[in-house]
Amino acid sequence: MTYSPWIIFLSVAIYGLVHTLLASLELKAWANQRFGEYAVRGYRLFYNLFAVISLFPVLALVALLPDRTLYRIPLPWALLTLAGQGLALAALALGLMQTGAASFLGIDGLFQPAPQRESTMVVGGLYRWVRHPLYTAGLVFIWLIPVMTANLLALNIGLTVYILVGIYFEERKLLSEFGPAYADYQRRTPMLVPGLKPGAPPTRPAAKSE
C-alpha cells in the first residue's frame, strides 16, 4: 500500500494559493471596477462559499487515499482532547459573535448597501488576548484530533502553513485599512498564543487610492 501525504499537502497548497489570490486587494479592486457595487456587496459571501465548497475535494483525498494510523490517544485522555476541541468550537462561535457573524460571512452585503457598511477594528473580548482568535481556535481543533493518521497529519501541516501565510497577507490589509491603530494593536497583542510576546509588526504598506 502506498501512502499519499504529499498529494494531500500539495492539494492544500493549491487550495491556499487560490484563496490567497482571491483575497488579494488587487483582485478585489478589479472586481469592484468590473462589477461595481455588486462586487463590493457580494465578494465576501462569494469568497466564503467558494472556500467551503473547494475544501471538499481536499477532504475527499484525505478520506479516500491510502492511509495509516500514526497514533491513537486512549481513554480517558481522549476525553480531554475532545473537551479541548469543544472549547475551540465555543471560542470560534464567540469570536464570530464579537466580529459580527453576518459581516464575517458576507451576508450583510445582501441587505445593506456598501456605502453604509463601515469596517470597525475589534480589540475586545477574545481579541484582547490574541489578534486572530478564530485561527487559534481552528488550530487547536485540528491538532487535538485523538486519532492521527498520515493523511490527517499532512492535512494539518498544510492547513497550519496556510493559516500562517494567510495571517501575513491579512495583516498587511489590516495595516493598510486601519493604519497606526492596528500597528499599535500588533505591538500590544500576540498573534495566536495568549501571553506570548508579540513580534515586531511588518512595515505598513503605502496607502492605495480607491
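The values are calculated or read from the model by the stated rules, or taken from the named source; none is laboratory data. All values derive from a computational prediction rather than experimental measurement. Positions of Cβ are generated from backbone atoms using ideal geometry, with glycine treated the same way; all protein chains shown enter the neighbour counts.
Points to keep in mind about this one:
- Highlighted here are the helices (runs of 4 or more DSSP H) found entirely within the stretch 13-115 that include at least 1 residues which are modelled with pLDDT of 90 or more and farther than 22 Å from I163 by Cβ: 37-64, 77-99.
- Among the candidates L192, L153, the residue that is modelled with pLDDT of 90 or more and in a loop (DSSP other than H, G, I, E, B) is uniquely L192.
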